[in-house]
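See below for the structure under consideration.
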Amino acid sequence: MRTAVSNVIDLLFPRFCLLCGSAVFEEYEKFLCLGCFSDLPLSMHSDPLENPMSKTLWGRCEFIMAQSLLNYQRHSIYADLFKEIKYRGRKDLAFYMGSLLGRKMKHELKQLHGSVLMPVPLARRKFWMRGYNQAEIIANGIAKSTGIPINRNQLTRSVHRKSQTEKSRVERWLNIQSVYRCSKLPERVKNVILVDDVMTTGATIESCVRALNEENNVGITILTLGFTQKA
Ligand SMILES: [Zn+2]
């Protein structure tokens, strides 16, 4: 219920919907107005075993399930949400969306025993510039709504000598296939849930799965906030 205090706070510090910019007043309208929230391209009813995202990875790496919270087009307004998370420091939005994803997948994730969440690591330079790894904040949100612990240290990313943008497409693919490493996981870990912000081509995910499989025999599930197909 709204109180006089929250009315005053809204007057002094008005909040605006991240997508349409209209003022938001209700408690439940955290980042988006109700209209924009209900229009989100949620992949709520898609099958985690068979959906456009999992099909992108078929034949490339072995996994149990792959699911994203949103399926959206690259140039749609929803891409703005990911820009907020990546470039404008909206850790609170990353956490909130992570907790939504966790809630959506709670039932499926419960079937996995001995599971840990593993955020896809960020290049060190990017981490320094941004000050946080958005995948880790998303994993924190998932952990909050599922109670699954996070393993932050064992999947690592090596340092790049040459910028990715200076390379050809093939060079970039070969390069991304060798940047991740994962050491031997504790015996109790039977399932790894890889977490990232957005999946597009799946090259990063594919590389992480390979790295995990090198020294481990675990089931792998992939969760992202967004899936966007290249046009
Ligand atoms: Zn709106």
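The values are calculated or read from the model by the stated rules, or taken from the named source; none is laboratory data. Predicted model only: the values in this text are computed from it and were never measured. As a convention, Cβ positions derive from the backbone with ideal geometry for all residues, glycine included, and neighbour counts pool all protein chains shown. Note: accessible area is taken over every heavy atom of the protein model, side chains too, but ligands, DNA and RNA are not part of it. Shrake-Rupley method; radii C 1.70, N 1.55, O 1.52, S 1.80 Å.
Scan region 205-231 for residues that are open to solvent by 40 Å² or more (accessible area, probe 1.4 Å) and touching a helix residue (DSSP H, G or I) at 6+ places or on another chain (Cβ under 8 Å) and report the count. Let's see the steps before the verdict.
So the first thing to find is which residues in region 205-231 are open to solvent by 40 Å² or more (accessible area, probe 1.4 Å), and the list is 210, 213-215, 217, 229-231.
Going one step further and asking which of them are touching a helix residue (DSSP H, G or I) at 6+ places or on another chain (Cβ under 8 Å), we end up with 229.
Going through region 205-231 one residue at a time, the tally reaches 1.
When residues in region 23-39 are screened for being near the ligand (Cβ under 8 Å from one of its atoms) and in contact (Cβ under 8 Å) with a residue 12 or more places away in the chain, 4 of them pass.
Quick one: would you say S76 is among the hydroxyl-bearing types (S, T, Y), closer than 19 Å to K230 by Cβ and over 15 Å from the mean Cα position of the chain (by Cα)? When the stated conditions are applied, S76 passes them.
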